[in-house]
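First the structure, in the form of structure tokens, and then the observations on it.
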Amino acid sequence: KYRYQNHVLVNIDAETSLMHEKIPKNLLIPIIENSFYHGLSKDNGIIQGQIDITIYSIHDTITIEISDDGAGISEEKAAYLKAHQFRTPDKDRTHIGLSNVYERLQYIYHEDFILDLSSHLGFGTTFSISIPRKKATEWTEEL
């Protein structure tokens, strides 16, 4: 609130039963940063809008949705990102946040996760992460 002078509203809605669940470190930061810098940044440099973080469970799966009401991305770019494991076509590899999230999920959960996005130009973007619920004894030090 201080940094963006209350121009960005962040809402967090998490199931109470999930408040003590563990998720891998730094999993959400790159996605939330993308919401700020790509979704909510206006042409005049002001960052303004809303980010909603929703965390819920269905059976033994935790789902985390991060939505913004920003610029959105084209259907073509969304399809490209999904088809290429969230790697951007940039050759300089400066845009690695999403691919890093994908690779971390793959390393930890192998094929037992979902990273998805939906977006509409002018209306925002939603990233959805679904991971298996783990018991505390299943976590290792490398996380």
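Laid out as a table, the results:
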quantity: Where Cα atoms sit under 29 Å apart: lysine pairs in the chain separated by 8 or more or lying on different chains; calculated: 17
quantity: P(r) of the stretch 48-127 over all Cα-Cα pairs, binned every 5 Å from zero, in whole percent; calculated: 3, 13, 20, 24, 22, 13, 4, 1, 0
quantity: Other-chain or far-sequence residues with amide H under 5 Å of residue 47's (modelled H); calculated: 42
quantity: Share antiparallel - DSSP beta bridges, the stretch 47-91, percent rounded to 5; calculated: 100
quantity: The stretch 1-65: radius of gyration and largest Cα-Cα distance (Dmax), Å; calculated: 14.0, 45
quantity: Phi to ³J(HN,Hα) by Karplus 6.51 cos²θ - 1.76 cosθ + 1.60 over the stretch 17-30, Hz, x for Gly, Pro; calculated: 5, 9, 4, 10, 6, 9, 10, x, 4, 6, 6, 8, 3, x
quantity: Rounded accessible area per residue of the chain, 1.4 Å, Å²; calculated: 65
quantity: Protein accessible area in the chain, 1.4 Å probe - carbon and sulfur %; calculated: 51
quantity: Highest to lowest packing among 54-61, 29-36, scored as the average C-beta count within 10 Å; calculated: 29-36, 54-61
quantity: Dimensions (Å) - the chain, Cα atoms, principal axes, largest first; calculated: 49, 36, 25
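The values are calculated or read from the model by the stated rules, or taken from the named source; none is laboratory data. It should be emphasised that the depicted structure is a prediction, and the values quoted were computed from it without experimental measurement. Ideal geometry is used to build each Cβ from the backbone, glycine not excepted, and the neighbour counts take in all protein chains shown. For the accessible areas, the whole protein counts, side chains as well, though only heavy atoms, and no ligand, DNA or RNA atoms are used. Shrake-Rupley method; radii C 1.70, N 1.55, O 1.52, S 1.80 Å.
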